[in-house]
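I have placed the structure first, in the form of structure tokens, so that the comments after it can refer back to it.
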Amino acid sequence: MQVIQYGTHLPADYDMRRFREIVARNGHLLDQRGGLGFKAYLMRERGSLGSPVNYYGSFYVWTDAAAMAHFLVGGGAYERIVRGLHRLPVESWLALACASGGGRATNPRYATRRIIDIPAHVDLDDDGLGLKRFVEEACTSLGGLASRQDLHTAVLALDPVRWRLISFECSIEMPVAAGDEAEHYEVLHVSTPEIERLPS
């Protein structure tokens with residue numbers, strides 16, 4: 001599985017209603033896309049959920065790398081982003097684990113993304129498996145989220161360039177702590193054509 005995210009920051013006085021209208025009109029276009037497990041259309045609005053900025057973007061979990069490549073460079077839909085905004089940088093990570101919660105049948109309204117730095121000291125274990133154990137603990141923590149009734153989907157991914165983990169949660173209820181270092185988003189729509197193929 002491959003995870004990608006792209007987005008753009010917008011001026012403080014930007015009318016974010018434009019993106020609400022775009023997603024209301026076009027959000028369904030990937031609802032049946034083969035090779036796509038999950039996509040969340042994301043927005044951050046200045047002054048809401050603790051956000052200091054306006055932002056619009058998307059978070060994807062792909063079950064098929066060829067389908068992702070077609071989407072980005074094969075005329076598979078990313079060209080609409082290029083036309084409407086410009087060619088945005090796409091962050092790409094390896095998916096490690098997914099979890100579904102009690103809210104899977106309900107459209108999520110919020111998302112939270114956290115960056116977890118992998119400390120250098122885990123590499124100092126004599127057996128060389130400190131990194132493995134750190135990641136296993138993070139995967140176990142993600143699996144524990146499945147008991148939450150407000151959780152739709154949670155994903156843990158690895159950034160092997162910066163050696164950090166990305167934790168992403170989509171939920172029905174507003175995040176309790178909007179003042180921490182996490183990024184909190186409003187979810188405008190989710191497309192879940194192959195969500196059942198996402199392994200736990």
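Would you kindly identify the strands (runs of 3 or more DSSP E) lying entirely within the stretch 1-118 that contain at least 3 residues that are of a type in the set (Ser, Thr, Tyr), closer than 26 Å to Leu151 by Cα and open to solvent by less than 40 Å² (accessible area, probe 1.4 Å)? Walk me through how you get there before you give the answer.
Numbers: elements: 2-10, 36-44, 54-62, 91-100, 110-117.
Because the criterion is at least 3 residues that are of a type in the set (Ser, Thr, Tyr), closer than 26 Å to Leu151 by Cα and open to solvent by less than 40 Å² (accessible area, probe 1.4 Å), the strands (runs of 3 or more DSSP E) in the stretch 1-118 that meet it are 54-62.
Of these, Gly84, Gly130, Gly101, Gly144, which one is within 16 Å of the chain's Cα centre (by Cα) and at pLDDT below 95? Write out each step before concluding.
Working: Gly84 fails: within 16 Å of the chain's Cα centre (by Cα); Gly130 fails: within 16 Å of the chain's Cα centre (by Cα); Gly144 fails: within 16 Å of the chain's Cα centre (by Cα).
On inspection, the qualifying residue turns out to be Gly101.
Could you pull out the residue among Ala77, Ala95 that is touching a residue at least 40 places away in the same chain (Cβ under 8 Å) and at positive phi?
Just a single option satisfies the conditions, and that option is Ala77.
The values are calculated or read from the model by the stated rules, or taken from the named source; none is laboratory data. Everything numeric in this text was worked out from a predicted model, so none of it was measured. All Cβ positions, glycine included, derive from the backbone under ideal geometry; neighbour counts span all protein chains shown. These accessible areas exclude ligands, DNA and RNA; they are computed on the full protein's heavy atoms, side chains included. Shrake-Rupley method; radii C 1.70, N 1.55, O 1.52, S 1.80 Å.
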